[in-house]
Amino acid sequence: MKRKRKALRMLLLAAAVCLVCLPLLRLGLHRMDLVRYPKKYQEIIEKWAAEYELDPHILYAVVRTESGFDPDAVSDAGARGLMQITEETFAWIKLKCAPYEEITFDDLFDPDVNVRFGAYFISRSLERYGGDLSTAAAAYHSGWGTVDRLLEEGYSADGVTLNGYPYPQMNFYVYKINRSYDKYTQLYGE
């Protein structure tokens, strides 16, 4: 009988500890997520998201994935800044959205310039590919030419959006963008 009472007391104590600790654990995990999915450069990101009619969580997801919010990041391919824009893409975007401005490739280390150009490219990609984030992410990663070729090769049911990503790097990139986007939406709301 004493053993049963002792076991019952231990069980009740464990349940009480769980009731107290579980909310604390959830709060701790939520705070860790806020650190892992920050809203750095919020004023800049939200300004350009509004300018190009984008959900800002898309830009946060791209910046987090591309540079980890490091404005001085440079990739092996020479892409620069928060949104990792290559020189070729920079030249094309500059012709489209800033043809008469004295902006150089070096200016991509300026977060405002970089996010402006990256937001422009993301917005045009979403427009081009029916608003599909996955296809736009694939285009951001590999270029419109690659995505258009894949659409022609049958990786699409509708000819506008990809339903498969044949390249491991592209597939992983699209997964990371979607995961980050979903996490930002979950943490910060619609």
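The figures follow:
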quantity	calculated
Residue under evaluation Tyr60, criteria (1) without any contact (Cβ under 8 Å) to a residue 40 or more places away in the chain; (2) of a type in the set (Ser, Thr, Tyr); (3) open to solvent by less than 40 Å² (accessible area, probe 1.4 Å), criterion not met	(1)
Subset of segment 64-83 (residues that are surrounded by 16 or more Cβ atoms within 10 Å (Cβ to Cβ) and not in a loop (DSSP other than H, G, I, E, B))	Arg64, Thr65, Glu66, Ser67, Arg80
Residue satisfying all of: in segment 154-178; in contact (Cβ under 8 Å) with a residue 12 or more places away in the chain and in a helix (DSSP H, G or I); most open to solvent (accessible area, probe 1.4 Å) among these	Gln169
Flag if Leu151 is hydrophobic (A, V, I, L, M, F, W, C), open to solvent by less than 50 Å² (accessible area, probe 1.4 Å) and over 13 Å from Ile58 (Cα atoms)	yes
Enumeration of residues in segment 94-114 that are open to solvent by 50 Å² or more (accessible area, probe 1.4 Å) and assigned to a loop (DSSP other than H, G, I, E, B)	Pro99, Tyr100, Glu101, Glu102, Thr104, Asp110
Among the candidates Ala136, Ala91, Ala61, residue that is in a helix (DSSP H, G or I), in contact with a Leu (Cβ under 8 Å, 6 or more places away or on another chain) and small (Gly, Ala, Ser)	Ala136
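The values are calculated or read from the model by the stated rules, or taken from the named source; none is laboratory data. Because the structure is a prediction, the values reported are computed rather than measured. Don't worry about glycine lacking a Cβ; one is built from the backbone with ideal geometry, like all the others, and counts go over all protein chains shown. Side chains are part of the model used for accessible areas, which takes the heavy atoms of the whole protein and leaves out ligands, DNA and RNA. Shrake-Rupley method; radii C 1.70, N 1.55, O 1.52, S 1.80 Å.
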